[in-house]
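First, the structure itself, so that you have it in front of you.
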Amino acid sequence: MQQGSFSPCKSLSFQNTLLLFLYLAFHCNVQGLSFVPFSRRRFSECRRFRNDSWALSVSAFESSVESTTIVEELRPGHIASNRLTPLSFHPLLVESQNPLLSPQQCSVLKEWIRDTLTSYGQQQLTQKMIRDGEQNKEEGALILVQIQKELHSLLGERSKDPLVIPRYLNYKQQEPTSTLLTKDMVLSNDCKLDDILPDGLHVDANNSKHFRHWTVLLYLDSCETLGATTFPFAVPVGRVWNSSYTSVQAVAKKLIMEEDMYHTRCVGATKVQLNLGKELDEAALDLVRHQLGSGDGRNEERGSSRKHEYGVRVMPRQGHVCIFSGLNHDGYPNPLSFHGGEALLKGESKELLTFFYEIPIDLFHNREEFGIQVKDRENRFLHLHGV
């Protein structure tokens, strides 16, 4: 047969293949699936739904009632309308009264982050990862983008400023002591300082991030006893503070203003600096033991002992946010904003996203103007949310 001539066998094979394809496409649509091409990476991102069957594409996931609800619950204004509870005004520290994300949304977001980081071979999210996920209509990415937009609005950021890319933290993998600790060990002397505060304390201007103002912690898990974000020098709401530093608060101020040190365990620090840092760490450890020993992980009145008048521990609650300012109105880091993440008790885990919001450099020309921006932004925030 000459090249290019008609072949009944070839034609029949092609027709049969086409008919088979159409039959499969029809059958899959009847079963609630969408038969569309997808890459190996996209297949790995598909999630299990209804009766543990696999969705073959994101479009199939979007078509399910359960999936649509997950995304639509994050309607515009959902976060901004969430009431905030003030925990301290020195530094300004608040937490959400209601969860911003449901447990299911948190699970979807966590799994998407883990899968995406694995797929790209990276440890932290990038704008490209988020943009690709949004374009592909991946649920975790859609949830994250909506969170980014809502937080941007909640903090009163300018519309022209870029959305903040969060830092992902998974403390179950980072803290080997978390499989060893028990509450009794924490209250006894069997536990070392490093066991409770494995990374020490810091202010968020650390690593030369001098323009950082707001920090938002979005907790994707809950912890019951340990695992709090501890602010050992914060003045709890209800406490009177006349700007007179206690001895340990004065040490925190000295570490920043005189030693130019923003982390209690700064690499390259002198012995004197490390000793000052250790004093701050021990104050945090004392706060943890005091609150655990009182049987209360919150921050209520506990007598007149000045040693324990100060300090706030924010326990992670799934789907909730903690928002705080790391700056004074003079533009310098606030020593009362020193904070650190506690280790975890046996069997617990903690994943969270941290959003850092900086003051745009086009809004100030010197330290004085920078401080004015800090004050104005905080007053606007307080007025906006009625705090």
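Identify, from the list Asp161, Asp195, the residue that is crowded, with 17+ Cβ neighbours inside 10 Å and modelled with pLDDT of 80 or more.
Asp195
Now for a different question. Which condition number does Leu87 fail, the rest of (1) in contact (Cβ under 8 Å) with a residue 40 or more places away in the chain; (2) open to solvent by 70 Å² or more (accessible area, probe 1.4 Å) being met?
Going through (1) in contact (Cβ under 8 Å) with a residue 40 or more places away in the chain; (2) open to solvent by 70 Å² or more (accessible area, probe 1.4 Å) one by one, Leu87 breaks only (2).
Considering only the stretch 198-208, how many residues are open to solvent by 10 Å² or more (accessible area, probe 1.4 Å) and within 18 Å of the chain's Cα centre (by Cα)?
Here is the first cut: in the stretch 198-208, the ones open to solvent by 10 Å² or more (accessible area, probe 1.4 Å) are 198-199, 202, 204, 206-208.
Adding the requirement that they be within 18 Å of the chain's Cα centre (by Cα) leaves 199, 202, 204, 206.
Within the stretch 198-208, residues that are open to solvent by 10 Å² or more (accessible area, probe 1.4 Å) and within 18 Å of the chain's Cα centre (by Cα) number 4.
If you scan the stretch 364-382, which residues turn out to be more than 16 Å from Trp214 (Cα to Cα) and either touching a residue at least 12 places away in the same chain (Cβ under 8 Å) or not aromatic (Phe, Trp, Tyr) (or both)?
Within the stretch 364-382, His365, Asn366, Arg367, Glu368, Glu369 meet the criteria.
When residues of the stretch 211-257 are filtered for being over 18 Å from Gly277 (Cβ atoms), without any contact (Cβ under 8 Å) to a residue 24 or more places away in the chain and of a type outside the set (S, T, N, Q), how many remain?
Qualifying residue count for the region: 1.
Residue by residue through the stretch 114-138, note down the ones that are assigned to a helix (DSSP H, G or I) and either open to solvent by less than 10 Å² (accessible area, probe 1.4 Å) or within 25 Å of Ile359 (Cα to Cα) (or both).
Thr116, Gln127, Lys128, Met129, Ile130, Arg131, Gly133
Please indicate, with yes or no, whether at least one residue in the stretch 214-231 is modelled with pLDDT of 95 or more, open to solvent by 10 Å² or more (accessible area, probe 1.4 Å) and among the aliphatic types (A, V, I, L, M).
Yes, the conditions are met somewhere in the stretch 214-231.
Further question on the same structure: If Val321 satisfies every condition in (1) in contact with a Ser or Thr (Cβ under 9 Å, 6 or more places away or on another chain); (2) under 18 Å from Leu151 (Cα atoms); (3) surrounded by fewer than 20 Cβ atoms within 10 Å (Cβ to Cβ) but one, which is the exception?
The one condition Val321 does not meet is (3).
Restricting the search to the stretch 344-379, which residues are assigned to a helix (DSSP H, G or I), closer than 16 Å to Gly326 by Cα and of a type outside the set (S, T, N, Q)?
Residues of the stretch 344-379 assigned to a helix (DSSP H, G or I): 361-363, 367-379.
Now narrow it down to the ones that are closer than 16 Å to Gly326 by Cα: 367, 370-379.
If the condition is that a residue be assigned to a helix (DSSP H, G or I), closer than 16 Å to Gly326 by Cα and of a type outside the set (S, T, N, Q), then Arg367, Phe370, Gly371, Ile372, Val374, Lys375, Asp376, Arg377, Glu378 are the ones that fit.
Do you know which residues across the stretch 342-373 are in contact with a Ser or Thr (Cβ under 9 Å, 6 or more places away or on another chain) and open to solvent by 20 Å² or more (accessible area, probe 1.4 Å)?
Leu345, Lys346, Gly347, Glu348, Ser349, Phe356
The values are calculated or read from the model by the stated rules, or taken from the named source; none is laboratory data. Quick caveat, the model's predicted, so the values are computed rather than measured. Ideal geometry is used to build each Cβ from the backbone, glycine not excepted, and the neighbour counts take in all protein chains shown. Ligands, DNA and RNA are stripped out before the accessible areas are found, and what is left, the full protein with its side chains, is counted by its heavy atoms. Shrake-Rupley method; radii C 1.70, N 1.55, O 1.52, S 1.80 Å.
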